[in-house]
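Novice: Before we start, here is the structure in question, set down as structure tokens.
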Amino acid sequence: MAEDIPNMEDALDIPCLKVGAMEGLKPFIAGADHQEALGFPGELVPNWKEKALEKMAEMAETNRAFQVYLDTCVKCGACTDKCHYFLGTGDPKNMPVARQDLLRSVYRRYFTFAGKYFPWLVGARDLTEDVLQEWYSYYHQCSECRRCSVFCPYGIDTAEITMAARDILAHVGIGQKYSNEIIGKVHTVGNNLGLPAKALGATLEDLEEDIEDETGVSVRIPLDEKGADILLVTPSADFFAEPHIDGLLGYAKVFHEAGVSWTVSSYASEAANFGLFIGNQDQMREVSLRIRKAAEDLGVKRIIFGECGHAWRVAYSFLDTLAGPFDFLDQNYPIPQHILEFTWDEIQKGTFKFDKSKNDHIRLTYHDSCNVARASRMGDEPGGQFEIPRNVIKSVCNNYFDMDRDTTRESTLCCGGGGGLLTDDLMDLRVKGASPRMTALQQVTEDHGVTHMAAICAICKTQFSKVMPKYGYDMDSILSVHQLVSNAIILTGQETDDAEEDND
């Protein structure tokens, strides 16, 4: 609805406070079947308070960062205006420091001397069922994007507090339906969509036909092929939805032209790891172990991840800890590797021939996805996660323009749908949370006539395809980076427009 869209003159405008504006907004709670499938209680347990405090005590003991983050905040205010949900909603509880304090105030009450004996002096409060519901609401108004952490002088990672709160909630029987249902599908079928192997195979065959119809070249998208050099692990959205599919076609063309053998696995047909979103390491590990098993069973030498922001964060930062060591892979290559690293390496070698004019109908900008920008790297140089995507884009496009520097790279604004919030029951929050990024996009459109935006995250692409029309853009104004590569690459033996004109 138009009235739900914030009117921002600048992407970083500080809003007027709207106390309680988003109070009570919450995603659907997971049913017993989705909870119990992950080993959580099916409903709120009778002794929920004791279990919640036990879980908090366990976290404080086993996760040093969790305790440090709760103990060190001095409420300096550096983070207050850094959250896109605060900028979009004006709700003061969406200030990162205020959202942290929803849990910190309870921690102080039960785990600090001052909180136990003088709670009114340190803002400590009892854990009540109302507090629990407040956690469920506001900790699902955080996309774990970590933008606030960039500006915190103490390096407090608000995402860790959000993840901890969600994990505590799930352990007492209040899990989120969207994330928990998806994790269950990965455990049983291998991907977020619940897409079985037979359907996946048929889909990939159809895509092979599409490439041959377009180019005249037979390009394979192999499934479950033992002995391939590369296992591609990509978000399942790449198999069924636009613009994700066009990115998958780009991967296939890149691998084909590079002359490497590769395969997709039906057992591990999902790069995304929603265990990160619910803050549960056991779930993260179980999803990651599927990837390890697929790599071992297929006998591959390399693992390459497709365009998915948080999948790359988990792969880059945690995969070896969760499912390693990967000593059975070829140690001459990065473990794991991002598809953009592979493509950029081959571009530098001169492997590909591009016709950049194939993207001349586009005036493009690039959205740095949060988990790539602030929680990972690419390549051998610091900042590679910023430069490599832009280098690839500029290799295949003539018209590229960056958004305002304060809204990109390590300061990038979130799409508004990350962190397990990409569910229609939170659409109002998603639209408002996207408003800072959309305002920055509107500015570069005004300045340079930008028509499209590219991203390398499946959640970002899905989110923007929903919210961009609300801000005056077409639904297909969001693109995959490898979609642009697919448009411009000229395969060996491909029938080009020039050849057709010569034949005529």
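Here, each number is a calculation from the coordinates, and none is a lab measurement. Predicted model, so just to flag it, every value in this text is computed and none were measured. A quick note on method: Cβ atoms are made from the backbone with ideal geometry, for glycine too, and the neighbour counts reach across all protein chains shown.
Novice: At 7 Å along the Cα-to-beta-carbon direction for both Q281 and K177, put a label point, then send me their distance in nm to one decimal.
Specialist: Here the modelled spin labels are 3.2 nm apart.
Novice: How much net charge surrounds K93 when only other residues with a Cβ under 12 Å from its Cβ are counted (Lys, Arg +1; Asp, Glu -1)?
Specialist: -2
Novice: Want the number for K356 to E381: 0.36 nm per residue separation, take away the alpha-carbon distance, what's left?
Specialist: Gain on extension, K356 to E381, equals 6.4 nm.
Novice: To test your reading of the geometry: what angle, between 0 and 90 degrees and rounded to tens, separates the Cα axis of helix 384-396 from the longest principal axis of the chain?
Specialist: 30
Novice: Next question, about the same structure. Could you line up D213, D425 from fewest to most neighbouring Cβ atoms inside 10 Å?
Specialist: With the sparsest Cβ surroundings first, the list reads D213, D425.
Novice: Next question. Would you list Y117, Y316 from fewest to most Cβ contacts within 10 Å?
Specialist: Arranged by neighbour count, lowest to highest, Y117, Y316 become Y117, Y316.
Novice: Further, regarding this structure: Below 19 Å, Cα to Cα, which lysines can K55 reach? Residues fewer than 8 away in the same chain don't count.
Specialist: Correct list for K55: K116.
Novice: Of all the C-alpha pairs in segment 369-455, what % are more than 18 Å from each other?
Specialist: Here the tail beyond 18 Å accounts for 51 percent of pairs.
Novice: Only four residue types carry charge here, +1 at the Cβ of Lys and Arg and -1 at the Cβ of Asp and Glu. Report the dipole size of the chain about the Cα centre in Debye, rounded to the nearest 20.
Specialist: My answer is approximately 2500 debye.
Novice: Let me ask something else about it. Most exposed first by the Cβ proxy, i.e. fewest other Cβ within 10 Å, how do L193, L12 rank?
Specialist: Lowest count first: L12, L193.
Novice: Find the eigenvalues of the gyration tensor of the Cα atoms of the chain, then list the square roots of 5 times those eigenvalues as equivalent ellipsoid semi-axes, largest first, in whole angstrom.
Specialist: Taking √(5λ) for each Cα gyration eigenvalue gives 40, 27, 19 Å.
Novice: Okay, next question. Of the peptides 227-233, 400-406, how do they stack up when ordered by the mean number of other Cβ atoms within 10 Å, highest first?
Specialist: In decreasing order of mean packing, 227-233, 400-406 become 227-233, 400-406.
Novice: If you don't mind, another one. If the cut-off is 19 Å between C-alpha atoms, which aspartates and glutamates fall inside it for K349, apart from same-chain ones fewer than 8 positions away?
Specialist: Straight-line reach from K349, under 19 Å: E257, E341, D380, E381, E387.
Novice: Continuing with the same structure: How many nm separate the modelled label positions at D402 and T188, each set 7 Å beyond the Cα in the direction of the Cβ?
Specialist: Distance between the two pseudo-spin positions: 4.7 nm.
Novice: Could you compute the FRET efficiency for V260 and E36, with r as their C-beta to C-beta distance and R0 at 35 Å, rounded to 0.05?
Specialist: 0.25
Novice: Same structure again: From the P(r) of segment 135-228, could you give the percentage of C-alpha pairs in the tail past 22 Å?
Specialist: I get 57 percent for the Cα pairs in segment 135-228 exceeding 22 Å.
Novice: Roughly how tilted is helix 158-172, in degrees to the nearest 10 and between 0 and 90, from the longest Cα axis of the chain?
Specialist: Approximately 70 degrees, to the nearest ten.
Novice: Over 5 Å intervals from 0, what percent of Cα-Cα pairs in segment 2-175 sits in each interval?
Specialist: Result returned by the calculation: 1, 8, 16, 20, 20, 16, 10, 6, 2, 0.
Novice: Still on this model: Quick check: pseudo-label points 7 Å beyond the Cα along Cα→Cβ at K226 and T72, how many nm apart are they?
Specialist: 5.0
Novice: Could you list the residues of segment 363-389 with an amide nitrogen less than 20 Å from a label point located 7 Å from the Cα of D474 in the Cα-to-C-beta direction?
Specialist: Within reach of a label on D474: 363-367.
Novice: Take the alpha-carbon positions of segment 361-418, form their convex hull, and give its projected area averaged over all directions (one quarter of the hull surface) in nm².
Specialist: 4.5
Novice: Ok, one more. Would you tally the net charge around I456, using a Cβ to Cβ cut-off of less than 10 Å, leaving I456 out, and scoring K and R as +1, D and E as -1?
Specialist: -1
Novice: While we're here: Counting helices only, and only those DSSP H runs with n ≥ 4, report the 222 nm mean residue ellipticity of the chain as the sum of -39,500 (n - 2.57) divided by its residues, in deg cm²/dmol to the nearest 500.
Specialist: The helix-only estimate for the chain comes to -14500 deg cm²/dmol at 222 nm.
Novice: I'd like the orientation of helix 197-215 relative to the chain: the angle between its Cα long axis and the longest Cα principal axis, in ° from 0 to 90, rounded to 10.
Specialist: 50
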